[in-house]
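Everything on this sheet refers to the single structure shown next.
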Amino acid sequence: MSDPRFFSVVGPFTLSELAAKGEAELVANADGAVLVYDVAPLDQATERHISFLDNRKYMDAFSVSKARAALVLPELAHLAPDGMTVLLSKDPYRSYALIAQMFYPRVAPEPWVAPTACIDPSAKIAADVRIEPGVVIRANAEIGARCLIGANAVIGQGVSLGEDCIIGPNSSIAYAIIGKRVNIYPGVRIGQDGFGFAMGPKGYVKVPQLGRVVIGNDVEVGANSTIDRGAGPDTVIGDGTMIDNLVQIGHNVRMGRGCVMVSQSGISGSTHLGDYVVIAGQAGLTGHLKIGTGAKIGAQAGVMRDVEPGETVGGSPAVAMKDWLRHTAILQRMIKDKGRGDK
């Protein structure tokens, strides 16, 4: 449950209100007027809370939970303990997320400009923005309504931020056009030089990086991640993409809508991703690849070839997931057989 020192809950809400917001359905004969005051995990919930079950591993906790209500799959509703009201959902976790947002909505920042902020006179800043101590905003930058610029962040010359963005402390943004409702976590670096050199026996010649970073709406960029600007074409991050902490995205990369990159993964320059691509932790993609819409890259995979739409790959070098699993099983069997032969 949330600590009131850090989180402010609103409500209460009726079960009917929660069901409507959560895209769920109250079971027959349930009292929709019952009030719920907060969300909580199954094992911590009381009669004041709503919880959820979307993984059968937690059936034991569900069966003894004291929650007043829970979001569950229809086929599991009959297993609810006495006293619990069930809200039927085809996707309980999504329903829980929607309901949790009701209790913990994003609150617009209180407008304020810290005296220690350094803002160029040519910058265009909406009246209801919050700018915390140590912020630097350079010439001709544009900051949209209700943005929050965290302490010691640097917004470079000409950078544009849409409405309702959150820029975390100690982050830096340059050569970038950023959409609405974008959340940049602390320590992020956006728009620095791409890693571009002409290589040869006479040494390395730096290639000027003349592109931008263009980020769509509703994107998150996790703490200490980096997104290089393009060499000529832009680096593009599509709407709704979620980027975890410690991720590296090289110059000229183009990511479609709704992609996911998990911590410590990286994409080399000029690789293009379709929509809804998922890249698991510590996976690496070489440059100039095409990753099709809906493709999935397994954890620690090393991708050195194009990936077809909807394909799932794993291993290094990455192959079709079923082949990688087969290769792993064969190798383990060979090791066991070798071990028995040595005895």
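Quick look at the numbers
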| read-out | value |
| --- | --- |
| Considering residues of the stretch 103-124 that are more than 19 Å from Val182 (Cβ to Cβ) and charged (D, E, K, R) only, the residue surrounded by the most Cβ atoms within 10 Å (Cβ to Cβ) | Asp120 |
| Ile166 being farther than 22 Å from Val107 by Cα and surrounded by 17 or more Cβ atoms within 10 Å (Cβ to Cβ) | no |
| Cβ-Cβ under 8 Å pairs, at least 6 apart or on other chains, the stretch 172-193 side at pLDDT 95 or above and in a loop (DSSP other than H, G, I, E, B), far side surrounded by 21 or more Cβ atoms within 10 Å (Cβ to Cβ) and among the acidic types (Asp, Glu) | Gly191/Asp228; Gln192/Asp228 |
| Test result for His272, over 30 Å from Gly196 (Cα atoms), in the same structural domain as Gly196 (by TED's automatic domain parsing) and not aliphatic (A, V, I, L, M) | no |
| The stretch 61-93 - residue that is basic (Lys, Arg) and in contact with a strand residue (DSSP E or B) (Cβ under 9 Å, 6 or more places away or on another chain) and, of those, surrounded by the fewest Cβ atoms within 10 Å (Cβ to Cβ) | Lys66 |
| Subset of the stretch 284-313 (residues that are outside any strand (DSSP E or B) and buried (at least 19 other Cβ atoms within 10 Å of the Cβ)) | Ala295, Gly298, Ala301 |
| Some residue of the stretch 241-262 being among the hydrophobic types (A, V, I, L, M, F, W, C), over 20 Å from Ala174 (Cβ atoms) and over 16 Å from the mean Cα position of the chain (by Cα) | no |
| Test: Gly203 is modelled with pLDDT under 95 and assigned by TED's automatic domain parsing to the domain that holds Thr293 | yes |
| Any hit, the stretch 236-253, residues being acidic (Asp, Glu), surrounded by fewer than 18 Cβ atoms within 10 Å (Cβ to Cβ) and without any contact (Cβ under 8 Å) to a residue 60 or more places away in the chain | no |
| Residues of the stretch 284-343 satisfying the condition of being at pLDDT below 95 and either hydrophobic (A, V, I, L, M, F, W, C) or not assigned by TED's automatic domain parsing to the domain that holds Thr241 (or both) | Ala318, Val319, Ala320, Met321, Trp324, Leu325, Ala329, Ile330, Leu331, Met334, Ile335 |
| Matching option when the condition is surrounded by 17 or more Cβ atoms within 10 Å (Cβ to Cβ) and either at pLDDT 95 or above or within 26 Å of Asp3 (Cα to Cα) (or both), among Glu47, Glu17 | Glu17 |
| Scan of the stretch 286-315 for residues that are out of contact with any helix residue (DSSP H, G or I) (no Cβ under 7 Å at 6 or more places or on another chain), among the hydroxyl-bearing types (Ser, Thr, Tyr) and farther than 11 Å from Leu273 by Cβ, ordered by number | Thr286 |
| Residue that is surrounded by the fewest Cβ atoms within 10 Å (Cβ to Cβ), among those in the stretch 193-225 that are among the charged types (D, E, K, R) and in contact with a Gly (Cβ under 8 Å, 6 or more places away or on another chain) | Lys206 |
| Those residues of the stretch 260-279 which are part of a loop (DSSP other than H, G, I, E, B) and either among the charged types (D, E, K, R) or surrounded by fewer than 24 Cβ atoms within 10 Å (Cβ to Cβ) (or both), in sequence order | Val262, Ser263, Gln264, Ser268, Gly269, Ser270, Thr271, Gly274, Asp275, Tyr276 |
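The values are calculated or read from the model by the stated rules, or taken from the named source; none is laboratory data. None of the values given here were measured: they were computed from a predicted structure. Reconstructed Cβ throughout: ideal geometry from the backbone, glycine too, with neighbour counts over all protein chains shown.
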